[in-house]
Amino acid sequence: MIGGIFIVLVAIWLYQAAMKVQKKNTVLWVALGCIVFFIVQFLAVKMNASLAESLLAATTDKGPEYLDEGYSRSGPINTESSGGFRSFFMFFWVEIIPPLLGVAGAGVVRTFLILKEKITLKSLFSGVKEMFVDIGRSFKSN
C-alpha cells in the first residue's frame, strides 16, 4: 500500500522533471525511473527477508525451548503485547525503508539521466516540494 503511494508520486516527480528539461520520450524516462524504483524496492525487500531468516536461524540454534520462550515473549504482531519502539522500528524498517530506497534510486535516474546534474543530496531530492505544490494546485477550481 505504501509502495503504491510512493510509485504514483515518483511517476509524477519524474514526469515533471522530464517536462521541465523538455526531454524527448518523456513516458520512457518515467518508465525507466519507475522500473529502477521497483528493482531497488525488490532488492530491499529481499534483503529484509534474508535478515529475518538469518535472525530466525540464529535463534533456532539455541534449542526449541529458547525458541518457544522467544515466541511467547514477542507473540504475534497484532496482539496487545506488541507495541513500543521495537514494533515501530520493525514497521519502519520493513514497510517504509524499501520504498524510500526506491525513491532514492529513481532520484538517481532523475538527477543523473534526466536533469544531467551532479548527484548531491540536495539535487537528488530536488523538485519534491514543487511536485506537492502542483498537486495541491490541481485540486483548486478556476
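Residues S141, S123, S50, ranked from the fewest to the most other C-beta atoms within 10 Å, line up as S141, S50, S123.
Between the C-alpha center of region 109-125 and that of region 14-39 there is a gap of 13 Å.
Spin-label pair E95-T120: with each label point 7 Å from Cα along the Cα-Cβ axis, the two points sit 3.6 nm from one another.
Our estimate of slack between F132 and K20, defined as 0.36 nm per intervening residue step minus the Cα-Cα distance, is 38.8 nm. Computed from the C-beta positions of I12 and R86 and an R0 of 35 Å, the FRET efficiency is 0.50 to the nearest 0.05.
Taking a point 7 Å out from the Cα of L113 in the direction of its Cβ, the residues of region 1-29 whose backbone N falls within less than 19 Å of it are 7-29. The alpha-carbon of K24 sits under 19 angstrom from the alpha-carbons of these lysines, leaving out residues fewer than 8 places away in its chain: K116. The simple spin-label model puts a point 7 Å past each Cα toward its Cβ; for F38 and M1 those points are separated by 2.2 nm. The slack between A52 and A104, meaning 0.36 nm per residue of separation minus the straight C-alpha distance, is 16.4 nm.
Read-outs throughout are calculated quantities, based only on the coordinates presented, and are distinct from any laboratory measurement. Please read all numbers here as calculations on a predicted model, not as lab measurements. No Cβ is skipped: glycine too gets one built from the backbone with ideal geometry, and neighbour counts run over all protein chains shown.
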